[in-house]
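Q: After the structure tokens below, expect a handful of questions from me.
Read the figures in this text as sums done on the coordinates, not as results from a lab. Predicted model only: the values in this text are computed from it and were never measured. Glycine gets a Cβ as well: all are built from the backbone with ideal geometry, and neighbour counts include every protein chain shown.
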Amino acid sequence: MIENTGTDSIKCWRYTFPPGILATGIRTPPAGWQVGGNRPPPAPILGGRSATGIPPGGKAAFGFTTDRPFDTGRVARLAADPPGIANGSTDCVADFNMPVSYGSTPRKPKPKCRCKFLNLTNVRPEGLFAFSVFWTMGCIRVAGAVRARSRL
């Protein structure tokens, strides 16, 4: 997402991916934008240009696919990939730096129930390698339907 906090329209932008990450595809850009790489995919740099651009106070989203996921450093406490470098331009000649961040981490959906206990009430052999398990589970409904899954 590019947000224009300046006083002139952003008519061009360029994003340089972190080392080791290449763009493999571009999703449909906003109307009026031409978007491409500095070479055919996989490319280390993507950019876009528009005659009207992103007006002051406006926003535009540009999507792309990469040859591997960005490591934001939030998973397994691994070292993060740097977020890359973004540049914008009001005339497609002189560039200025634009801030880049990973934004917020998507939140996992909250469970619809919270399981409090699981009781095995009966385990019955059914053969050499088979058995039946009878069980009960106690849950507190949080919102919506209550569902449960178990693995043996």
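Q: Compute the FRET efficiency between Thr52 and Ile85 as 1/(1 + (r/R0)^6), taking r as their Cβ-Cβ distance and R0 = 30 Å, and round to the nearest 0.05. Walk me through the intermediate numbers first.
A: Values: r = 25 Å, r/R0 = 0.82.
For Thr52 and Ile85, the calculated efficiency is 0.75.
Q: Given the stretch 1-72, report the % of alpha carbon pairs whose separation exceeds 17 Å. Don't jump to the answer; show the numbers that get you there.
A: Numbers: 1122 of 2556 pairs.
Tail fraction, whole percent: 44.
Q: Right, next: Report the label-to-label distance for Asp67 and Ala31 in nanometres (one decimal), using points 7 Å from each Cα along the Cα→Cβ vector.
A: 3.6 nm
Q: Take Met1, Met98 and order them by how many other Cβ atoms sit within 10 Å, fewest up front.
A: Working: Met1 8, Met98 19.
Final ranking by Cβ density, sparse to dense: Met1, Met98.
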